[in-house]
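The structure appears below as structure tokens.
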Amino acid sequence: MNESYYVGTYWLVRRETAVACAQRTEAFFNLLARCDPSLCQWFEKGRTQEEALQHRFESDAASIAKVFSRQETREGRFADEGFSLALWNGQTHEAASGLSLLCGDASVWVSNNCVMRPPREGLAAERMLQAPVLARIMHAMAVAFEPEWGIATSHELRELVAPESAEGGTFIGWLTYFAHRRGPLPPLPSPVHTEPVEDKGTLVILSPERFTASNPAHVALARDVSERLARAGLLTPLRPWNE
């Protein structure tokens, strides 16, 4: 099965200025560039590949703040909306990665998020779809944006292990990030291991090998860990940041 993976971090109700979000975004891109050579430059999306390649995204805080400030002053924008980006790394289809961001949103209905979609196949996919690389990408997101929860997993695995009864809640993936504010982690079975993310949270890694929905042992482990985390109260819905 050729599964499609994504890395995403999420947080709720944290209104921030264009400048503050730009500073976070610059920090993220600086860290992201160290994760893989194909993640060093980004482009705004266009109607064609040629058009998009003419609009390189400048990732310094001053340039990003200008982009966010234009969004802030556009007609019809609500006061609690955040600042958004939709980018592409300029690579060919085989090595293409996509990135989306929503930062500074104060709505209780829409979570702020930073989501990256790595390649599905080819050499770039072989490099990135490894636990250490995905851990570095999630580390970059966690340090820069201070999310409450994050995940690196395949869409196919999510469909198998996400708890049906916890609508709007969180769930477990190949790699899962929990901010300290969500509470302490329970004991977890082998081969699961955890890594601290500075003073912000903990990254749970189910296995060092690529985790797939087509492997029954992987699915069983994910369900076991999901049940343990649910009993410990870790898989609850996101909460507003000021709670």
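For the stretch 5-231, the dipole from Cβ point charges (+1 on Lys and Arg, -1 on Asp and Glu) about the Cα centre works out to 180 debye, to the nearest 20.
Selection among Leu99, Ala140, Gly173 by position relative to the dipole of the stretch 85-214 gives Ala140 as farthest towards the positive end (Cβ unit charges, Cα centre).
Give the residue list of chymotrypsin sites (Phe, Trp or Tyr not before Pro) in the stretch 163-243 that are DSSP loop and have at most 16 other beta-carbon atoms within 10 angstrom. Those that pass, being in a loop and sparsely packed, number zero. A DSSP coil position with no more than 14 other Cβ atoms inside 10 Å describes the following chymotrypsin sites (Phe, Trp or Tyr not before Pro) in the stretch 63-141: Phe78, Trp109.
Over the chain, calculate the relative contact order: mean separation of alpha carbon pairs under 8 Å at least 6 apart, over the residue count, as a percent.
Relative CO of the chain lands at 24 percent.
Relative to the 2.2 N^0.38 Å rule of thumb, the chain has a C-alpha radius of gyration ratio of 1.01. Cβ screening of the chain for cysteine pairs under 4.7 Å finds these without a partner: Cys35, Cys40, Cys114. Helix 18-32 and the long axis of the chain differ in direction by around 60°, with both axes built from C-alpha atoms. Note on the chain: antiparallel DSSP beta bridges, both residues inside, total approximately 100 percent of the bridges counted.
Quick note: the coordinates plus some simple rules give every number you see, no bench work behind them. All values derive from a computational prediction rather than experimental measurement. Methodologically, a virtual Cβ is constructed for each residue, glycine included, from the backbone with ideal geometry; neighbour enumeration extends over all protein chains shown.
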